[in-house]
Amino acid sequence: MGTDKKILLYEAALGLIEEKRDMSNIKVADIAKAADIGKGTVYEYFKSKEQLLAESIIYFLKKCIKTFEESINSGGGFKVIYMAALKNISSTMTASRTFSQYITFNECNFSIKKTMQSLIEEHFENMRRAYVEKFEKIIDIGVKEGVLKKKPDKFSWLIAFGNSIMCIVAFKHGFEEFVDMTEEEMMERSYNMFVKVLT
């Protein structure tokens, strides 16, 4: 039952972060109310608001990794899986703009970030590695199909994939180079560039 209540609190905290876009203004009472749980109960599971918010972000990122893995395991060829991975990242960014700002250390919530940093950093590196390991499966599929002539070194494919992610970011921020493209066209060009860089 404790796990269920924690998930309710995570989901409530995530909803408030998206709604208010300023973690420093969210109160424990707000989270408890949104989760329909007594404020005192929150402190049975968390020592502080910062711990609750940090764990909520970790919970969110773990869900993203699971969805990312599902897109890889969904079947289809290299291009289908690569495009599914890009769509997963794009939809995650759309659904969680505040988290994108948090992870990229944008200006919002800087003071609370510093307080929460130590609570998140040990998990963040493990989650980054999980993403990398899962994406390497996509690379292996590309090599197996002959789309990629040989397996590129990790640095090269990480940089190439990073470029695809930056294209998504630029598209979502309305950079002038992307204004005449649909999201599908942007992803198609990102895919083509990824393959070109690595072949």
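The values are calculated or read from the model by the stated rules, or taken from the named source; none is laboratory data. All figures in this text were calculated on a predicted structure; none of them were measured in a lab. No Cβ is skipped: glycine too gets one built from the backbone with ideal geometry, and neighbour counts run over all protein chains shown.
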Give segment 166-186 a look and list any residue that's in contact with a Lys or Arg (Cβ under 8 Å, 6 or more places away or on another chain) and of a type in the set (A, V, I, L, M), or say none. 181
So in segment 160-178, with the set limited to residues that are crowded, with 16+ Cβ neighbours inside 10 Å and small (Gly, Ala, Ser), which one is nearest to residue 82 (Cα to Cα)? 164
Of all residues in segment 19-50, which are within 28 Å of residue 125 (Cα to Cα) and touching a helix residue (DSSP H, G or I) at 6+ places or on another chain (Cβ under 6 Å)? 21, 23, 24, 26, 28, 31, 42, 45, 46, 49, 50
Filtering segment 68-87 down to residues that are surrounded by fewer than 16 Cβ atoms within 10 Å (Cβ to Cβ) and at pLDDT below 85, which residue is nearest to residue 120 (Cα to Cα)? 70
Name the residues in segment 187-197 that are out of contact with any Leu (no Cβ under 8 Å at 6 or more places or on another chain) and either modelled with pLDDT under 90 or under 14 Å from residue 85 (Cα atoms) (or both), would you? 188, 194
Does residue 156 satisfy the condition of being in a helix (DSSP H, G or I), farther than 17 Å from residue 90 by Cβ, of a type in the set (S, T, N, Q) and in contact with a Leu (Cβ under 8 Å, 6 or more places away or on another chain)? yes
Looking at the structure I just gave you, is residue 113 within 20 Å of the chain's Cα centre (by Cα), surrounded by 12 or more Cβ atoms within 10 Å (Cβ to Cβ), charged (D, E, K, R) and at pLDDT below 85? yes
Looking across segment 132-153 at residues that are assigned to a helix (DSSP H, G or I) and of a type in the set (Lys, Arg), the single one that is farthest from residue 78 (Cα to Cα) is 134
Identify the residue in segment 42-67 that is exposed (fewer than 13 other Cβ atoms within 10 Å of the Cβ) and more than 20 Å from the chain's Cα centre (by Cα) and, among all such residues, is farthest from residue 85 (Cα to Cα). 44
